1. What angle, in degrees between 0 and 90 and rounded to the nearest 10, separates the Cα long axis of helix 163-173 from the longest principal axis of the Cα atoms of the chain?
2. Counting only C-alpha contacts under 8 Å and six or more residues apart, can you give the relative contact order of the chain as a whole percent?
3. Helix 82-97 against the longest principal axis of the chain: what's the angle in degrees, Cα atoms only, rounded to the nearest 10?
4. If one takes the longest principal axis of the Cα atoms in the chain, at what angle in degrees, from 0 to 90 and to the nearest 10, does the Cα axis of helix 45-55 lie?
5. Taking a cut-off of 25 Å between Cα atoms, list the lysines near residue 176, but don't count ones fewer than 8 places away on the same chain.
6. Restricting to Cα pairs below 8 Å that are 6+ residues apart, what does the relative contact order work out to for the stretch 17-99? Please round to a whole percent.
7. Could you pull out the trypsin sites (Lys or Arg not before Pro) across the stretch 186-217 that fall in loop regions by DSSP (anything but H, G, I, E, B) with no more than 16 other Cβ atoms inside 10 Å?
8. Of (1) 54, 36, 28; (2) 48, 48, 38; (3) 47, 41, 33, which is the value of Cα extents along the principal axes in Å derived from the coordinates here?
Amino acid sequence: MDTQPSRLMAIYRTLYSRYGAQHWWPGDTPFEVMVGTILTQNTSWNNVEKAMVNLKPYLQPQVIYNMEDKKLAQLIRPSGFFNIKTKRLKNFLNWFKGKDFSLEPLKTLGPYDIRKELLGIKGIGRETADSIILYALNIPIFVVDAYTKRMFKRLGFSLPKSYDDIQKFFQDNLPKKVQLYNKYHALIVRHCKECCKKKPLCDTCCLKDDCQKEGLP
């Protein structure tokens, strides 16, 4: 009997019992979520929030598409690497313009067809592409990040090395549900920020009875 699915769900339930729903991804519209996923690269959400407040009056794809790069860079400055992120946003918007700034053309595509297109945009990597698919488009695809690798390695899981293989592991062993993938990823991030840090706080960890403490410093 394969115990991986039951163990993964037990970990999810423990995390959910500890932290509750995280209400990810913050944003009033799918486009706002898309912008947030791009801005959050290499920075904290607190910094992104400041940039999103600046952008709020302009959060229409056509408006940002037509905005001067210099103005956009100043608006998103709090998110860090603002010149690079300006280029990434404009690259994304050039692609989105080809969809008439609409999500409708994407609804006819499968998740990995959408992903392939997103990965063709300069500056969009796997984690960002999958975050857009999961959080903005509400399509079930599991988002993998450094926190995922850290936490599950410590828990004793023998994860594959590549992003895609790790993703496949979770998708093969969890129910294919948008809300589950959404909540699980958010809870992993929350737990790693509060407890399973680079230098972990094992005494306060809600998973300590299930943890094999692999790879701890």
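1. 60
2. That works out to 24 percent.
3. Approximately 80 degrees, to the nearest ten.
4. 20
5. Residue 176 reaches 107, 116, 149, 153, 161, 168.
6. 29
7. Loop-located and lightly packed - 197, 198, 213.
8. Given (1) 54, 36, 28; (2) 48, 48, 38; (3) 47, 41, 33, the calculated one carries the label (1).
No value in this document is a laboratory result; all are computed from the given coordinates. All of these numbers come straight from a predicted model, not from anything done at the bench. Because the Cβ atoms are built from the backbone with ideal geometry, glycine has one as well, and the counts that use them run over all protein chains shown.
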